[in-house]
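Student: Sharing a structure with you now.
The values are calculated or read from the model by the stated rules, or taken from the named source; none is laboratory data. In this text, all values refer to a predicted model and were calculated from it rather than measured experimentally. Heads up, the Cβs are rebuilt from the backbone with ideal geometry, glycines too, and the neighbour counts pull from every protein chain shown. Heavy atoms of the whole protein, side chains included, go into the accessibility calculation; ligands, DNA and RNA do not. Shrake-Rupley method; radii C 1.70, N 1.55, O 1.52, S 1.80 Å.
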Amino acid sequence: MKKTTIRSTGMFVPPNVVTNHDLEKIMDTSDEWIRQRTGIRQRYWINEECGASDLGAEAARMALAGAGWQPEDVDFIIFATLSPDIMFPGSGCLMAAKLGLDKTPVLDIRQQCTGFLYGLATADAYIKSGLAGRVLLVGGEVHSSGLDKSTRGRDVTVIFGDGAAAVCLEGVQTDEKVGLLASALHADGNHAGSLMAELPASRLLQRIPPGLSTDDPRYYPVMDGPAIFKKAVRMLPRVTNEALEKADIGLDEIDLVVPHQANKRINQAFGQFMKLDESKIFHNIEKYGNTTAASIPLALHEAMAQERVGKPGDTVLFVALGAGLTWGASIFRFF
Ligand code: UT7
């Protein structure tokens with residue numbers, strides 16, 4: 001049977017670094033508050049017009065070069081984002097064109113923080129069913145142009161960063177227990193309101209309500225941070241156990257956890273609950289903030305570059321919870 005292997009990874013962030021001290025100058029916040037509550041020291045925000053597809057294309061180019069593939073060698077592209085360049089078409093189509101492609105199929109997905117997990121499960125299903133041999137999976141976000149940069153939006157704005165990351169995935173025939181061993185994915189739209197940006201809204205008779213101030217809070221993401229925090233701390237261990245059970249392996253077989261980087265304290269609490277040694281959990285939120293769909297592949301890229309994971313036999317656990325709500329865990333074994 002074909003199994004999915006990770007051939008290479010790539011990442012890209014825009015050049016403009018925004019430190020916590022920079023944010024102190026535009027809103028009532030402090031470096032100390034942000035570091036203590038989230039672990040973030042800086043993030044990257046675009047400072048010239050640029051969409052998720054542009055960041056994604058750069059990350060994809062790095063991944064393609066690492067795999068030794070030309071863009072034409074890819075059979076299928078999956079692009080995950082909550083911040084598409086424009087309302088439609090999806091950023092995946094725009095990115096593919098920027099890579100010089102004009103017929104490769106593209107699937108845009110909207111699973112926010114779990115975009116990589118849903119994308120990986122979809123890529124694996126395409127590979128296992130024979131629908132695709134080589135898949136390019138990209139997560140990209142430009143949050144900064146849609147954030148409320150006044151004190152009103154500080155709880156949300158300080159945590160989000162722009163960036164993209166990509167992985168080249170390929171099907172390889174093997175009977176070994178390798179590749180994507182299990183995915184446990186969930187969604188509960190009953191809690192959609194706990195993290196959302198409401199406008200523009202197609203469900204309205206006019207999706208951009210006339211007469212509304214452009215500064216209306218509904219244009220900006222709102223988040224019930226404490227509720228999501230509690231939900232994450234409760235659900236991430238549960239979904240991890242579900243994935244371990246599906247993969248039929250024990251937690252002791254996990255070499256590294258590469259979690260969604262939403263808040264360092266969430267991942268530390270997860271580690272404590274699971275009784276995992278701190279060295280087994282990868283963090284890079286301090287440099288990038290929360291890059292949503294890009295966060296897990298960006299962390300994976302750095303974990304592999306630092307040789308924390310990636311050797312044949314290494315087993316990695318990906319976990320995430322975010323807007324939707326969506327949450328999940330995936331277990332991947334390198335070969
Ligand atoms: O990836 C998407 C999924 N999202 C998440 O996983 C986010 C999960 N939630 C969180 O990461 C945290 O809830 C936050 C970082 C968003 C907030 O941290 P918290 O420890 O839950 O703070 P809080 O919302 O309970 O607010 C505590 C205080 C409040 O002031 P009062 O009412 O105690 O006077 C806030 O107004 O902190 C205040 N506050 C801030 N102060 C300075 C909120 N944001 C800020 C800020 N700077 N940026």
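Student: Taking the stretch 20-39 as the search range and keeping residues that are within 9 Å of the ligand (Cβ to nearest atom) and either among the hydroxyl-bearing types (Ser, Thr, Tyr) or part of a loop (DSSP other than H, G, I, E, B) (or both), which one is most open to solvent (accessible area, probe 1.4 Å)?
Tutor: In this case the residue turns out to be ASP28.
Each row is one residue, and each column tells you yes or no for (1) open to solvent by 90 Å² or more (accessible area, probe 1.4 Å); (2) at positive phi; (3) assigned to a helix (DSSP H, G or I); (4) in the same structural domain as ILE159 (by TED's automatic domain parsing).
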residue: ILE208; (1), (2), (3), (4): yes, no, no, no
residue: PHE229; (1), (2), (3), (4): no, no, yes, no
residue: MET235; (1), (2), (3), (4): no, no, yes, no
residue: GLU245; (1), (2), (3), (4): yes, no, yes, no
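Student: Still on this structure: Restricting attention to the stretch 285-335, which residues are of a type in the set (Asp, Glu) and in a helix (DSSP H, G or I)?
Tutor: So in the stretch 285-335, the residues of a type in the set (Asp, Glu) come out as 286, 302, 307, 314.
Passing the criteria: GLU286, GLU302.
Student: If I ask for residues that are more than 19 Å from the chain's Cα centre (by Cα) and open to solvent by 20 Å² or more (accessible area, probe 1.4 Å), which ones from the stretch 65-85 would you list?
Tutor: Once the filter is applied, which keeps residues that are more than 19 Å from the chain's Cα centre (by Cα) and open to solvent by 20 Å² or more (accessible area, probe 1.4 Å), the stretch 65-85 yields ALA65, GLY66, ALA67, GLY68, GLN70, PRO71, GLU72, ASP73, ASP75.
Student: Is there a residue being in a strand (DSSP E or B), touching a residue at least 12 places away in the same chain (Cβ under 8 Å), more than 30 Å from ARG41 (Cα to Cα) and open to solvent by 20 Å² or more (accessible area, probe 1.4 Å) anywhere in the stretch 110-132?
Tutor: No, the conditions are met nowhere in the stretch 110-132.
Student: For ARG154, all conditions in the list (1) buried (at least 18 other Cβ atoms within 10 Å of the Cβ); (2) part of a loop (DSSP other than H, G, I, E, B) hold save one; what is the number of the exception?
Tutor: (2)
Student: Turning to a different aspect of this structure: Among the numbered criteria (1) touching a residue at least 60 places away in the same chain (Cβ under 8 Å); (2) over 12 Å from VAL13 (Cα atoms), which single criterion is violated by GLU58?
Tutor: Exception for GLU58: condition (2).
Student: OK, next. Report yes if GLY211 is under 30 Å from ARG41 (Cβ atoms) and either at pLDDT 95 or above or out of contact with any helix residue (DSSP H, G or I) (no Cβ under 6 Å at 6 or more places or on another chain) (or both), otherwise no.
Tutor: Considered against the rule, which asks whether it is under 30 Å from ARG41 (Cβ atoms) and either at pLDDT 95 or above or out of contact with any helix residue (DSSP H, G or I) (no Cβ under 6 Å at 6 or more places or on another chain) (or both), GLY211 comes out as no.
Student: Moving on. Would it be correct to say that ASP224 is touching a residue at least 40 places away in the same chain (Cβ under 8 Å) and among the acidic types (Asp, Glu)?
Tutor: No; evaluated as a whole, the condition is false for this residue.
Student: I'd like to know if the stretch 186-195 contains one or more residues that are surrounded by 13 or more Cβ atoms within 10 Å (Cβ to Cβ), away from the ligand (no atom under 16 Å from the Cβ) and not hydroxyl-bearing (Ser, Thr, Tyr).
Tutor: no
Student: Looking at VAL172 and the list (1) over 30 Å from LEU131 (Cβ atoms); (2) of a type in the set (Val, Ile, Thr); (3) away from the ligand (no atom under 16 Å from the Cβ), which single condition is not satisfied?
Tutor: Among (1) over 30 Å from LEU131 (Cβ atoms); (2) of a type in the set (Val, Ile, Thr); (3) away from the ligand (no atom under 16 Å from the Cβ), the lone unmet condition for VAL172 is (1).
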